[in-house]
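To start, the structure under review is shown below, and the notes come after it.
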Amino acid sequence: MIESWGEDKIFPEIKPLDIEQYLDRRFDEVSGKAANRDLREINTLFNWLIKKKYITENPATSIERYKEESFSKYVPPQEDVNKIMLAANGEEYDILQSIYHTGARAIEIRRLKWEDINFKNRTIKLWTRKRKTGALEADELFINNILYEILDTLYKNRDKHSPYVFPNKSGGRFSKYTMDNIMPKLCERAGVESFGFNAIRHYVASLMVAGNELSLADVQKQMRHKRATTTDTYIKSFQNAETNAANFIERTQNIIPLKQNRKAQNKKNGSIYGSTE
């Protein structure tokens, strides 16, 4: 950004036109959303400079926001979801299934520890920062039969020196880089349009809504959406909400049966967990 204004230009010399020219390029080359994000950061920068008395005016104040195109979340078709499940190796498959049956975000799977799994009560805790305070908070969900079998197998074959359900080779937490590279490679291997872990969340949510078997409260509980204004209105059986949603997801998973799929993957791609039988 500063490079576009010239290294020799000091902040008091920057005019609204300089900023507009930069933002116009961002709009043309990237998107209106990117231009507006940069505009917010520029405003923050110049307001800070004013506070520190380095400058007296914010040259970005008069610049209007750019038009943003409406964004629709990509929901992969069932066929593509099935293909990536079949193309996944043992570890990839377990991560995918964990996300599928919990609606977890990738970072939540990376954070997942064995202390978050209660096999007796069949519950799993997912920790997220997606709250106003930014503090980590846990959401507890029911573990359905498919997810239970996966987690049980993982636990029996776990690295006993690591607290993580999905540890890296040294026993630490999966890096963001490693996690971010799973889906692009997997989609390429499966021969489907590229999509990420979050698209699986969207797919599961669409299944629950389309099934017409769950209340809106059940869906909100499973997806852990805190801003839904109709939560209190639509809750019919709060105690069983997470159980209802988890079991519905299990019933609607239209892929090869779990053991058959894992045996095929162990033979084809190699599984670090071994046989499930």
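The values are calculated or read from the model by the stated rules, or taken from the named source; none is laboratory data. Since we're looking at a predicted model, the values are computed, not measured. Please note: Cβ atoms are built from the backbone with ideal geometry, for glycine as well, and neighbour counts cover all protein chains shown.
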Legend entry - First in region 17-46 and outside any helix (DSSP H, G or I), second anywhere and surrounded by fewer than 19 Cβ atoms within 10 Å (Cβ to Cβ), Cβ under 8 Å, 6 or more apart: Ser31/Glu68; Ser31/Glu69
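Can you tell me which residues in region 94-149 are of a type in the set (A, V, I, L, M, F, W, C), under 15 Å from Gln222 (Cα atoms) and touching a strand residue (DSSP E or B) at 6+ places or on another chain (Cβ under 7 Å)?
The first filter runs over region 94-149 and keeps only residues of a type in the set (A, V, I, L, M, F, W, C), leaving 95-96, 99, 104, 106-107, 109, 112, 114, 117, 119, 124, 126-127, 135-136, 138, 141-143, 146-147.
From the residues that got through so far, the ones that are under 15 Å from Gln222 (Cα atoms) too are 99, 104, 124, 126-127, 138, 141-143, 147.
Of everything in region 94-149, those that are of a type in the set (A, V, I, L, M, F, W, C), under 15 Å from Gln222 (Cα atoms) and touching a strand residue (DSSP E or B) at 6+ places or on another chain (Cβ under 7 Å) turn out to be Ala104, Ile124, Leu126, Trp127, Ala138, Leu141, Phe142, Ile143.
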Inset, instruction - For region 158-178, enumerate the residues that are outside any loop (DSSP other than H, G, I, E, B) and of a type outside the set (Phe, Trp, Tyr). - result: Pro167, Arg173, Lys176, Thr178
Legend entry - Unique residue being at pLDDT 90 or above and surrounded by 20 or more Cβ atoms within 10 Å (Cβ to Cβ) when the list is Leu112, Leu49, Leu45: Leu112
Inset, instruction - Return yes or no: is Ala135 assigned to a loop (DSSP other than H, G, I, E, B) and surrounded by fewer than 19 Cβ atoms within 10 Å (Cβ to Cβ)? - result: yes
Inset, instruction - Would you point out the residue of region 121-131, among those that are part of a loop (DSSP other than H, G, I, E, B) and more than 14 Å from Leu147 (Cα to Cα), that is modelled with the highest pLDDT? - result: Arg129
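Which one of these is farther than 30 Å from Arg189 by Cβ, in contact with a Gly (Cβ under 7 Å, 6 or more places away or on another chain) and not assigned by TED's automatic domain parsing to the domain that holds Asn168: Glu57, Glu41, Glu68, Glu64?
It is Glu68.
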